[in-house]
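The values are calculated or read from the model by the stated rules, or taken from the named source; none is laboratory data. A quick note: this is a predicted structure, and the numbers were derived from the prediction, not measured. Here the Cβ positions follow ideal geometry from the backbone for every residue, glycine too, while neighbour counts run over all protein chains shown. All accessible areas refer to the heavy atoms of the entire protein, side chains included, with ligands and DNA or RNA removed. Shrake-Rupley method; radii C 1.70, N 1.55, O 1.52, S 1.80 Å.
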Amino acid sequence: MKTYQDLQATSDLPTFIMTAIREHKASMMYHIAADAEEYDRQRNVTIMKYQKVLYTLTGQAVPDTFTANHKIASNFFNRFVTQENQYLLGNGMDLKREANKTKLGKDFDLRLQQAGRAALVQGVSFGFWNFDRLEVFKLTEFVPLRDEDTGALMAGIRFWQVDYDKPLRATLYEIDGYTEYIKRPKDPKLAVHQPKRSYKRIITQSAADGVQITDGGNYSGFPIVPLWGNPLHQSELVGLREGIDCYDLIKSGFANDLDDASLIYWTLENSGGMDDVDLAQFVERMKTVHAAPADAEAHTVDVPYQGRTAYLERLEQDLYNDAQIVNVSSLSAAQKTATEIRAAYTPMDLKVDQYEYCVLDFLYGIFFLAGIEDEPTFTRNRIHNELEETQMVLMAAQYLDDETLLRKLPWLTPEEVQTVLDRRDESETQRFSGTAEPAPDEEQEHPPEVNTDGEEIGT
């Protein structure tokens, strides 16, 4: 793999970029990330490559095209990644100062979720702070160039190509700016598409001069920050892949057994010269013509399913335990107390705590580039026994301020809490300033009517 020192030592940047991309695609981390991307899309690459075979009398293996070959892929990996990422980032990021959140752009929470998901799936993602917004690069489209001494990310190459017969685009990001390259299908070498320019560009517009673009300089550091999905710096698929493959293969094999020959097998007399291929062709012929020679006898079988069903259930539970993810179906089986729910979430909380440290480290790097000093916090998206927890909060209401009280209520989102507080502040302001309108059903007091002598007129 190429490093930042290799970049500094080269005199031929186009050749260096193409070599770095090829070596990156050949790395183990890239292959794991590419496979994890397929599993995240519910495409089990292991069972998709699995091919049943038959053997001839000479021992030659040939593909089995006669029997059922269902390939059923489960969605475990997508479910695990989605639950972990949304558990931490589903409610967005909160900052102490609202102005700082505005500086990060209106879609920052969305970009952060995208970066987090890519980090969990592929092991790492990269956030590019582009002046006033965050852009996310996946490992399968970005070559990191690290310092050999410190391991810090000092440069990188983003590459993409729509198809093999389309142009290859690459952008070299360095501390002092970025350069865009392109390689067209008929061109033998990568060429400069846009010369190096700074990251910050100021655009001004006036009636006299029109649109003008001026150089705004660069950042105090490299504007691309890595986000790791866990402290081990590897994809969440590692360690789970074998269990998912086993589950999918057993489930697919069960479907094949149910489909093959309609649960019928045949015994043939005088068939010593038939190999596996001949026997498979005979069964296929029976499915087509629904007739058999006189020396063939049919038998029905019951496919054993109790053992497979029990093992599939065991595998599923083991996968949830290994992934440290809450199996929601076990919580919905009966009414659970708040203590039981917290106990069920404990393994997931411990895992997401480590993930949160990685996210915070990433955010502090982005804040440094954006010139922000703040402390991000997250509200985790978990299942609650709302009635029990609401009763607990109300019992302690006399010791809590209004904002803390509202934030502890499990059925209010952080946005709704702020809306309620704003409305209460507005109502208090109107009441003390005398601008509050009276309720429509409130009785209005009128001065009593008097006659010409000053006496009050009775009703």
query = Does the stretch 331-374 hold any residues that are of a type outside the set (S, T, N, Q), open to solvent by 30 Å² or more (accessible area, probe 1.4 Å) and not in a helix (DSSP H, G or I), and which are they?
reply = A333, A334, K336, G371, E373
Candidate set from the stretch 7-30 (those that are in a helix (DSSP H, G or I) and more than 33 Å from the chain's Cα centre (by Cα)); member that is nearest to M154 (Cα to Cα) = Q8
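Anything in the stretch 408-425 that is within 21 Å of T339 (Cβ to Cβ), touching a residue at least 24 places away in the same chain (Cβ under 8 Å) and surrounded by 12 or more Cβ atoms within 10 Å (Cβ to Cβ)? List them, or say none. Break it down into steps so the answer makes sense when it comes.
Kept after step one, since they are within 21 Å of T339 (Cβ to Cβ), are these residues of the stretch 408-425: 408-411.
Okay, now just the ones that are also touching a residue at least 24 places away in the same chain (Cβ under 8 Å), so 410-411.
Within the stretch 408-425, P410 is the sole residue that qualifies.
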remark   = Of the residues in the stretch 283-330, those that are surrounded by 12 or more Cβ atoms within 10 Å (Cβ to Cβ), part of a helix (DSSP H, G or I), modelled with pLDDT under 80 and out of contact with any helix residue (DSSP H, G or I) (no Cβ under 6 Å at 6 or more places or on another chain) come to E284, R285, M286, K287, S330
query = Residues in the stretch 375-389: is at least one open to solvent by less than 60 Å² (accessible area, probe 1.4 Å), without any contact (Cβ under 8 Å) to a residue 40 or more places away in the chain, outside any loop (DSSP other than H, G, I, E, B) and out of contact with any strand residue (DSSP E or B) (no Cβ under 8 Å at 6 or more places or on another chain)?
reply = no
ask   = Condition test on T58, is it open to solvent by 70 Å² or more (accessible area, probe 1.4 Å), modelled with pLDDT under 90, part of a loop (DSSP other than H, G, I, E, B) and of a type in the set (S, T, Y)?
value = yes
key: Any hit, the stretch 231-251, residues being open to solvent by 30 Å² or more (accessible area, probe 1.4 Å), over 27 Å from Q324 (Cβ atoms) and at pLDDT below 95   = no
task = Go through the stretch 399-424 and give me each residue that's closer than 19 Å to I383 by Cβ and among the basic types (K, R).
result = R407, K408
remark   = If you go through A397, A370, the only one that is of a type in the set (G, A, S) and in contact with a Lys or Arg (Cβ under 8 Å, 6 or more places away or on another chain) is A370
ask   = Among all residue pairs at least 6 apart or on different chains, which show Cβ distances below 7 Å where the first residue, located in the stretch 87-98, is under 19 Å from L350 (Cα atoms) and in contact (Cβ under 8 Å) with a residue 40 or more places away in the chain and the second is buried (at least 16 other Cβ atoms within 10 Å of the Cβ) and among the acidic types (D, E)?
value = L88/E356
request  = State all residues of the stretch 191-230 that are at pLDDT 95 or above and part of a loop (DSSP other than H, G, I, E, B); if no residue qualifies, say none.
outcome  = F222, P223, G229, N230
inquiry  = Considering only the stretch 326-344, I want to know if a residue exists there that is in contact with a Phe, Trp or Tyr (Cβ under 6 Å, 6 or more places away or on another chain) and free of Cβ contacts under 8 Å to residues at least 12 places away in the same chain.
reply    = yes
ask   = Quick one: in the stretch 31-50, which of the residues that are open to solvent by 70 Å² or more (accessible area, probe 1.4 Å) and assigned to a helix (DSSP H, G or I) is modelled with the lowest pLDDT?
value = K49
